[in-house]
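**Q** Here you go, one structure.
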Amino acid sequence: MDWTALENTLHDGLVHAVTSALAENPDAVAAALAHLYRETDGVIMLPSLGVATAEDLATDGWSIADWDYFDDAWLPTEVTEAVTAEACSSTPSHWDATFQRYLEAFVQACRRARTTLDLMVVFLDDEHRESLIRAVLAPSEVSLHFPEYDARDAELARLAAKPVAERAVHLVSQLDVFDGPVQAEPALRELGPDAFPALIPLLTVPGTAWQAAKLIADIGRPDGDVLDALEAALDRTDGSDRNWVAMALARLGRLDTVLDRAGTLPADTVADAIAAPYTGFRDDAVAPPPLDYRQLEDALARFPAYASAVKIRTACTIRPQEVDEARRGLVSPHGLIREHAAEVLDALRIG
């Protein structure tokens with residue numbers, strides 16, 4: 001594919017569309033590309049274009065769909081059809097590389113359009129938001145228009161100066177804060193087992209125990225005190241909290257703790273625990289344990305009454321080194337395992 005030609009096409013189309021918008025509203029101060037739809041190993045679309053006045057930015061921020069000027073067809077579809085054809089012409093890794101080149105072409109086109117138009121041009125994407133913003137804008141512009149990144153960096157620096165235990169306590173206190181400068185959950189995962197002493201007390205708090213249990217399972221590498229705390233929480237909690245505690249124990253290799261209580265726990269608690277190591281929640285783990293169907297096979301064989309209740313609604317993502325175990329699952333006597341194995345193998349992207 002001729003990437004230089006594509007970059008020129010993107011630049012020229014962007015300049016033409018923004019120039020037309022400026023003719024209608026010369027007070028515009030910024031243009032932005034956003035909502036770039038794609039399907040992995042599939043179609044790649046054109047991002048939408050918005051042009052904003054200072055009033056638009058003050059009222060709607062960078063939500064370009066709410067700006068007065070919004071265009072999702074500013075280039076012919078032939079452009080993205082050619083990119084999609086190139087991306088899908090070979091292996092999954094070729095799709096990845098093609099999409100990355102597509103992003104880079106947009107970055108260069110935005111930079112050039114900024115000079116041509118003498119207008120700020122921003123490229124926004126949910127998955128690559130910060131990196132693309134920084135690739136297109138000058139540092140001073142990032143600080144001015146996206147101050148949340150400076151606020152986050154300042155907060156991270158402040159936290160880094162604290163002792164680890166104090167840092168963990170602060171992050172736990174921020175678990176229900178969604179508009180703060182630092183996202184507490186990923187920061188706690190990054191702390192690793194040092195976060196456990198701050199998380200364990202939450203296992204005693206109704207309505208919050210579930211979150212502590214999930215984070216403990218995400219972090220992994222529990223010691224005996226952590227497992228004892230989860231076991232105590234399993235006996236003490238109820239409802240959703242209890243289910244998440246049971247799932248955490250199963251994800252940490254202690255499904256036996258749950259199955260030992262199968263006669264007293266609700267059926268849905270036991271069923272959720274049996275399924276937990278194979279669901280999409282495994283993907284949240286700092287270091288997901290290897291795919292191993294033996295625990296699931298043993299539970300289904302020993303407790304057949306739960307077989308129909310065990311549901312794996314969203315399967316985990318496996319790694320290439322787990323293919324052999326997944327293929328073994330294809331010939332399992334248990335339909336649940338066969339279905340899971342087929343799903344994870346179908347979703348695996350190799351090459």
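Since every read-out is calculated from the coordinates, none of them should be taken as a lab result. Only a predicted model underlies this, so the values are computations on that prediction, with no experimental measurement involved. Reconstructed Cβ throughout: ideal geometry from the backbone, glycine too, with neighbour counts over all protein chains shown.
**Q** Any idea how far the Cα center of segment 22-98 sits from the one of segment 240-274, in Å?
**A** When both Cα centres are located, 45 Å separates them.
**Q** Follow-up. Can you give the local net charge around Ala198? Use residues other than it whose beta-carbon is closer than 14 angstrom to its beta-carbon, Lys and Arg +1, Asp and Glu -1.
**A** Residues close to Ala198 contribute a combined charge of -2.
**Q** Also, I was wondering about something else. Label 7 Å along Cα→Cβ of Arg221; segment 189-206 residues with amide nitrogen under 13 Å?
**A** Under cut-off, by backbone N: 189-196.
**Q** Ignoring everything except DSSP H segments at least 4 long, calculate the 222 nm mean residue ellipticity for the chain; use -39,500 (n - 2.57) per segment, divide by total residues, nearest 500.
**A** -17000 deg cm²/dmol
**Q** Amide H neighbours of Val29 under 5 Å, at least 5 residues apart or on other chains, H built in the peptide plane: list them.
**A** Amide H to amide H, under 5 Å and 5 or more residues apart or across chains, Val29 pairs with Ala52, Thr53, Ala54.
**Q** What distance in nm separates the two pseudo spin-label positions at Asp324 and Asp12, each 7 Å out from Cα along the beta-carbon direction?
**A** In this crude label model, Asp324 to Asp12 measures out at 5.5 nm.
**Q** Compute the FRET efficiency between Ser173 and Ala309 as 1/(1 + (r/R0)^6), taking r as their Cβ-Cβ distance and R0 = 45 Å, and round to the nearest 0.05.
**A** 0.75
**Q** Quick check on packing: order 327-336, 78-87 by the mean number of other C-beta atoms within 10 Å, highest mean leading.
**A** Packing proxy ranking, top to bottom: 78-87, 327-336.
**Q** Check which residues have an amide H placed less than 5 Å from Phe123's amide H, if you skip close sequence neighbours.
**A** Leu33
**Q** Also: For each of His170, His128, count neighbouring Cβ atoms within 10 Å of the residue's Cβ, then give the residues from fewest to most.
**A** Fewest to most other Cβ atoms nearby, the residues stand as His128, His170.
**Q** Taking 7 Å along the Cα-to-C-beta vector as the label spot, tell me the Thr77-Thr4 distance in nanometres, rounded to one decimal.
**A** 3.1
**Q** Then there is this: Each residue of segment 41-56 in order: what ³J(HN,Hα) in whole Hz does its phi give by Karplus 6.51 cos²θ - 1.76 cosθ + 1.60, θ = phi - 60°, with x for Gly and Pro?
**A** Values, residue by residue: 6, x, 5, 10, 9, 8, x, 6, 10, x, 10, 10, 8, 4, 5, 4 Hz.
**Q** Looking at [x] 22.6; [y] 20.6; [z] 23.6, which value of Kirkwood radius over Cα pairs in Å comes from a calculation on the structure shown?
**A** Answer label, from the structure shown: [z].
**Q** Let me ask you something else. Arrange the following residues from fewest to most other Cβ atoms within 10 Å of their Cβ: Glu127, Glu339.
**A** Listing Glu127, Glu339 from fewest to most nearby Cβ atoms yields Glu127, Glu339.
**Q** Go through 223-232, 209-218, 19-28 and give me the packing order, highest mean Cβ count within 10 Å leading.
**A** My ranking of the peptides, most packed first, is 209-218, 223-232, 19-28.
**Q** Determine the shape class of segment 35-168: with a ≥ b ≥ c the square roots of the Cα gyration tensor eigenvalues, call it rounded for a/c under 1.5, and otherwise prolate if a/b is greater than b/c, oblate otherwise.
**A** It is oblate, given that a/c is not under 1.5 and a/b is not larger than b/c.
**Q** Using the Cα centre of the chain as origin and beta-carbon charges of +1 (Lys, Arg) and -1 (Asp, Glu), tell me which of Leu203, Ala342, Leu259 is placed farthest towards the positive end of the dipole.
**A** Farthest along the dipole direction, towards plus: Leu259.
**Q** Another one. Using amide H atoms built 1.01 Å from N in the peptide plane, name the residues 5+ places from Tyr69, or on other chains, whose amide H lies under 5 Å from its own.
**A** Val51
**Q** Tell me, what is the FRET efficiency for Asp256 and Glu166 to the nearest 0.05, using R0 = 41 angstrom and their Cβ-Cβ distance as r?
**A** Working: r = 36 Å, r/R0 = 0.87.
The computed FRET efficiency comes out at 0.70.
**Q** What distance in nm separates the simple spin-label points at Thr40 and Ala135, each placed 7 Å from Cα in the Cβ direction?
**A** Roughly 1.9 nm, to one decimal.
**Q** Is segment 230-314 rounded, prolate or oblate when judged by the Cα gyration tensor, a ≥ b ≥ c being the square roots of its eigenvalues, rounded requiring a/c under 1.5 and prolate requiring a/b larger than b/c?
**A** Details: a/c = 1.57, a/b = 1.13, b/c = 1.39.
In terms of gyration-tensor shape, oblate.
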